[in-house]
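Here the structure comes first, spelled out in structure tokens, and everything after it is commentary.
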Amino acid sequence: MMIRTNSLLHHAFFKLNCNFITNSLTTTPLSSSRFTPHFTSLASLLHSTSFSNNGDRPLLSRYQKVTKLDDAFNLFDEMILRKPLPSVIKFNQLLSAVTKLNHFSSCLHLFKQMCVVGVPVDAYSMNIAIKCCCQMSRTNDGFALLGCCFRRAVVPNVFTFSTLLDGLIREDRILEAERLFKKLIKQKLCEPDVVMYSTMIKGLCKFGNNDIAIGLLRLMDERGCKPDIYAYSTIIDSLCKDKMIEDAFKLFNEMVFAKGIQPDVITYTSLIHGLCNLCRWDEVSKLLKEMEGDVRISPDIQTFSILVDAFCKEGRVDEAEAVIDIMVERGEVPNIVTYSSLIDGYCLRGEMIKARTLFDSLTSKGLVPNVVTYSSLLNGYCKTFKIEEALKMFHEITRKGLKPSIVAYNTMLQGLFMVGRCGDVRKLFDEMRSQGLIPDECTYRIILDGLCNNHKVDEALSLFHLVGDSKLNSDIVVYTILIEGASKCGKLDIARDLFHDLTVKGLQPDVRTYAVMISGLCREGLLTEAKHLFCKMDESGCPQNSVTYNVLLQGYLKNQNYDDVVMLLQVMDGRSYSLDASTLSLFIDRISAGSLDRSMLKLIGKLVPKELMDTLA
DNA sequence: CTAGGGTTAG
């Protein structure tokens, strides 16, 4: 295959390491638009329950009471001047307080000072310092501190190793984590306890090894280390994220009924999240009820935020707003995550005034928008073709000291393509790469789709061939984009070849692939072949939907082939499908031209969705 | 008296 070196993005993609991209894939969940009557009752359920909030706090010493960084430094300065020095315990309490304020580098600074002035640092101090390193994704420095332990005759313990294990896992260094875990057991450097097992379980889950994680859960139990709610919740959450909700409930039931461990708000929240992702609203409602029935637990800000997000993704922002009202009534303060979801909900509906008003009000609520918040706005502006406003916000990200993420770039690339600004796409793509961001599968799809829609199908195809037989190209969406692109510009042979390649690669065409291919065949007047493919869908395990029916009908109407039209309409009526706007306008066109009988109007009328009626009226 | 693990957004 000839490679045109001057083609758009060609050069940049050539330099990519495809394995690296595909290893860090992010899939965006598709939002469904199903009507969900249960949300309203769900909201009222939340409304009717009484509120419970923070309990009493234990008395804290002066060293633990620190709420501001300055106080900590002042106290520390005071402490090191005292003679004799306060006990290491007091220092540790201070370090711990600073850690809880998330000031990890300051904590490390204080730790170093302690060493300098001769505080006899112990395992507690070491472990806090190591934890700070790990929290800042500097686990290697944590290991360096482990070396210091040996030099200072401080004996590392199971806390030390759990912290380091967690650090490796946070940095996605799963192989090293496994190696460390095995080494600790083999060389009897420490006896793993429930926390260490749970940490390793988290690592396994993070890399999709749910089965091995469950195996480790069994193993710890056999070894006399009883799994607790953390161990169970970690796996339950992971199963939920992988949409294996039945397995999650199996484990949940085992935990509750066989082990007698009471679930808490986090366990419930994970399950609710999993059910929301699968649009299983009845069960969400049931689980919320179950949770509300337990006096020990009530939904917290995260539970609420998940519900807000789920409502917004369904386009039901009214309910999302209602949930926010309820949480406020219950004394929870919505945070930036909660509001970002709502902003995203407005943006998805193209309600940019509302989105922007809320966005602008965040500062007065004491909240700082982050790159996710910005990305939602970018998306909204791009989808409503307000590209200049989107670019303005995109530049504001950097001005506010944030770094645009791959998602922000992807959104802008897509927006620029939508308005045909291919040159600017190229510039932004280069900028993204120069920022060290690696294009992901979404970038790839956006570029292919953008090229196809901007009369650059050849470039899309050559990019596709350049990427070659990689994970990026083992993607049904990529194929669907190219099949559509090729057939729309008259390259039906290429579209057919691509469609054929699917089976060779073991990829299953989905309902959109079929729709695009059928549409392509109809465009060339190949109605028999189109009909054949249409009929093949069922036996290929991909049942037709409303869209495929519309596509085939349009093909028939455009080619003035009316034999099967009534039959198709009748099936559609039987399945409660409806006609989309373009199919309907073709019908009206053909009927007014006299090529179709008016008697069909009654059937057609039944197939016009109410929303379309409203817009026509 | 002080140290380690599980849930939220594009």
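The values are calculated or read from the model by the stated rules, or taken from the named source; none is laboratory data. Fair warning: this is a prediction, and the values are worked out from it, not measured in the lab. No Cβ is skipped: glycine too gets one built from the backbone with ideal geometry, and neighbour counts run over all protein chains shown. Quick note on the areas: whole protein, heavy atoms, side chains included, nothing else; ligands and nucleic acids left out. Shrake-Rupley method; radii C 1.70, N 1.55, O 1.52, S 1.80 Å.
Data table
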quantity	calculated
Förster radius 22 Å - calculated FRET efficiency between residue A:615 and residue A:545 (Cβ-Cβ, nearest 0.05)	0.50
Accessible area in square angstrom per residue, segment A:377-485, 1.4 angstrom probe	40 Å²
Virtual spin-label span in nm between residue A:471 and residue A:100, 7 Å along Cα→Cβ	4.1 nm
Segment A:544-586, accessible surface, carbon-and-sulfur percent (1.4 angstrom probe)	48 percent
Portion, in percent, of the accessible area of segment A:353-507 that falls on carbon or sulfur, probe 1.4 Å	55 percent
Linear extension gain, residue A:563 paired with residue A:219, 0.36 nm per residue minus alpha-carbon span	117.2 nm
log₁₀ of I(q)/I(0) at q = 0.08 Å⁻¹ - chain A, Debye sum with one point per alpha carbon	-0.78
Within the accessible area of segment A:197-328 (1.4 Å probe), percent carbon and sulfur	54 percent
Segment residue A:212-residue A:489, extension gain: residue separation times 0.36 nm, minus the distance between their alpha carbons	94.8 nm
Neighbourhood net charge (12 Å Cβ-Cβ; Lys/Arg +1, Asp/Glu -1) for residue A:371	+1
Helix-only [θ]222 nm of chain A, DSSP H runs n ≥ 4, -39500 (n - 2.57) each, per residue, nearest 500	-20500 deg cm²/dmol
Average accessible area per residue (Å²) across segment A:148-190 - probe 1.4 Å, nucleic acids and ligands excluded	61 Å²
Label-point separation, residue A:282 to residue A:64 (7 Å along Cα→Cβ), nm	4.9 nm
Whole-Å distance, taken between Cα centres, linking segment A:337-398 and segment A:567-617	38 Å
Accessible area of segment A:565-617 divided out per residue, in Å², using a probe of 1.4 angstrom	61 Å²
Difference of contour (0.36 nm per residue) and Cα-Cα distance, residue A:158 to residue A:140	4.7 nm
Whole-number percent relative contact order across chain A, with pairs defined as alpha carbons under 8 Å at least 6 apart	9 percent
